Amino acid sequence: METHRDLPTKAISFCLLPSELIQYIILQLALPEIIRLKSVNKSIFSIISDGDFVRNYNLQSSSATWLFLYKKRWRREAILYGFADCSNRWFNILISDLLKQVVPPCEDVYFLTAAGNIFLFALNNSQEVISVDIMTRMVKKIPPSPLGPCGTSSWRRSGMKLLSCPCNSEHFRFLFAELHESRPTLFEYDSRVERWKFTQAREVTQELRDDFIFLSASNGRNGSVIIGVLSQCNSSPVVIRPTFITRGNEEDRLAVGFSWGNAIDLLHVYGDGNMMTIRSDKVNKTVRKIKRIELWGLSKNGRHWEFVSRAPNELIDKISKPYGAMMGCMQKTQGITRAILMTNLEGTWETIWLSYNKRDNRWVWLPLPDCNMKGSNLAGVTFSSGLTLS
């Protein structure tokens with residue numbers, strides 16, 4: 001058994017290793033582990049703060065995909081968990097003390113989205129949004145959008161995107177799509193100037209670009225309203241209206257984003273210009289099981305949803321367990337579409353991480369260790385790009 005008395009000796013022994021070997025070992029760690037290492041001693045702090053080490057780590061971490069879950073229990077502090085696709089365990093992201101800087105004790109906090117080192121949270125009671133930089137430990141309130149204060153139920157996960165600034169990781173742009181006065185509108189907050197702007201989207205007149213960011217303004221049984229925009233500042237958004245022909249029984253009961261109870265036959269999950277359809281079968285009066293999963297994407301002209309692929313039966317057999325409620329989110333980067341399906345049965349959560357690589361038409365299920373969610377409320381889930389040291 002390791003005791004506290006052993007730790008100083010082990011730290012000293014570690015520091016006696018060649019610096020190149022120490023750097024190699026630390027480069028294999030996830031950012032939460034590296035942050036904790038900074039406080040071990042001055043020697044390790046110096047290595048981690050070295051410019052070459054920072055550049056090497058950021059280059060390596062840029063390819064990592066993170067999943068973040070925000071859970072909370074009644075009258076207890078909420079916890080933000082992170083899991084990287086290159087890791088094998090969950091990390092506790094120390095966020096509670098940072099939130100206390102601006103969040104009142106009785107506030108109802110929900111996790112919206114993340115990119116790089118920036119995390120956004122919504123406050124349900126005051127209807128405010130705050131940003132948290134986990135590296136600089138900076139916490140700021142974001143001014144109300146032109147739509148005015150918004151409760152947590154107003155934020156659609158498929159309709160927003162957080163973009164970290166490539167030249168300065170402390171700055172970001174927050175985009176979300178909304179039907180404003182019945183017109184598809186893009187709202188954008190720029191942390192550099194601390195201002196919002198909004199632009200009505202024009203109808204798309206040409207084939208969709210591969211580098212578009214897609215944000216859902218609305219989704220329904222027969223179609224969607226999506227805004228496409230380039231990642232560069234001041235680009236003009238376009239509106240895309242893909243239609244969808246439901247396969248199977250037109251009387252199937254449909255939910256978008258979240259399903260609960262035994263009344264829903266079909267769940268649609270949207271994100272980054274993709275749609276995942278999850279069809280389920282009834283087990284009993286309150287429980288269902290996944291039967292089929294399909295992935296759909298936008299056609300080149302954006303006029304309809306095109307079938308992409310169906311998850312193989314052997315994968316469905318591995319992930320299909322009884323559930324009472326389900327929700328999901330999606331992300332597409334570098335040709336790989338990822339989806340998280342969160343299921344709950346009598347207070348027990350299951351997290352299903354699926355990915356599809358279109359290049360080789362391959363589905364992958366990434367089994368995740370338990371993160372002790374039983375009895376907790378899920379207050380936000382999202383994919384994010386790699387964390388950085390800068």
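Could you work out what % of the accessible surface of the chain is carbon and sulfur, using a 1.4 angstrom probe and leaving DNA, RNA and ligands out of the count? Walk me through the intermediate numbers first.
Details: 10140 of 20030 Å².
Summing carbon and sulfur atoms, their accessible area is 51 percent of the total for the chain.
How do ASP133, ASP211 rank by accessible surface area computed with a 1.4 Å probe, from largest to smallest?
Working: ASP133 10, ASP211 75 Å².
Most to least solvent-accessible, the answer reads ASP211, ASP133.
Taking 0.36 nm per residue of sequence separation and subtracting the Cα-Cα distance, how much length would be gained by fully extending the chain between THR333 and PHE307, in nm to one decimal?
Result: 7.5 nm gained on full extension.
Search the structure for amide H atoms under 5 Å from the amide H of LYS291, placed 1.01 Å from N in the peptide plane, and list their residues when 5 or more places away or on another chain.
ARG279, SER280, ASP281
When only Cα pairs under 8 Å and 6 or more residues apart are kept, what is the percent relative contact order across the chain? Please report the intermediate quantities before stating the final value.
On the way: 805 pairs, mean separation 58.4, N = 390.
The value is 15 percent.
I need the per residue convex hull volume for the range 245-386, using only the alpha carbons, in cubic angstrom as a whole number. Numbers along the way, then the final one.
Working: hull volume 17.3 nm³, N = 142.
For the range 245-386, the hull spanned by Cα atoms encloses 122 Å³ per residue.
Among (i) 162; (ii) 170; (iii) 271, only one was calculated for this model; which label is it, if the read-out is volume of the Cα convex hull per residue in Å³?
Only one listed value fits the structure, namely (ii).
Within 10 Å of each candidate Cβ there may be at most 13 other Cβ atoms; applying that plus a DSSP loop requirement, which trypsin sites (Lys or Arg not before Pro) in the range 123-188 survive?
On the way: sites: ARG137, LYS140, LYS141, ARG156, ARG157, LYS161, ARG173; in loops: ARG137, ARG156.
Passing both the DSSP loop test and the Cβ count: ARG137.
Once you put a point 7 Å from the Cα of LEU27 and another 7 Å from the Cα of ARG359, both along the Cβ direction, what distance in nm separates them?
Taking the two extended label points, one gets 2.3 nm.
Under a GNM of the chain (C-alpha, springs under 10 Å), which listed residue has the highest mean-square fluctuation: HIS180, HIS268, HIS304?
Sorting by GNM fluctuation, first place goes to HIS180.
List the lysines whose Cα lies under 16 Å from the Cα of LYS140, skipping any in the same chain that are fewer than 8 positions away.
LYS100
For the range 292-390, what is the accessible area per residue in Å², given a 1.4 Å probe and the full set of protein chains? Don't jump to the answer; show the numbers that get you there.
Working: 4610 Å² over 99 residues.
Normalised by residue count, the accessible surface of the range 292-390 is 47 Å².
Out of GLU207, GLU77, GLU181, any idea which swings most in a Gaussian network model of the chain, alpha carbons joined below 10 Å?
With Cα springs under 10 Å in the chain, the top fluctuation among GLU207, GLU77, GLU181 is at GLU181.
Provide ARG202, ARG73 ordered by accessible surface of protein heavy atoms (probe 1.4 Å), highest first.
On the way: ARG202 120, ARG73 75 Å².
So the residues, ranked largest to smallest area, are ARG202, ARG73.
The values are calculated or read from the model by the stated rules, or taken from the named source; none is laboratory data. None of the values given here were measured: they were computed from a predicted structure. Neighbour counts run over all protein chains shown; Cβ positions are idealised from the backbone, glycine included. Please note that ligands, DNA and RNA were not included when accessible areas were found on the heavy atoms of the full protein model with its side chains. Shrake-Rupley method; radii C 1.70, N 1.55, O 1.52, S 1.80 Å.
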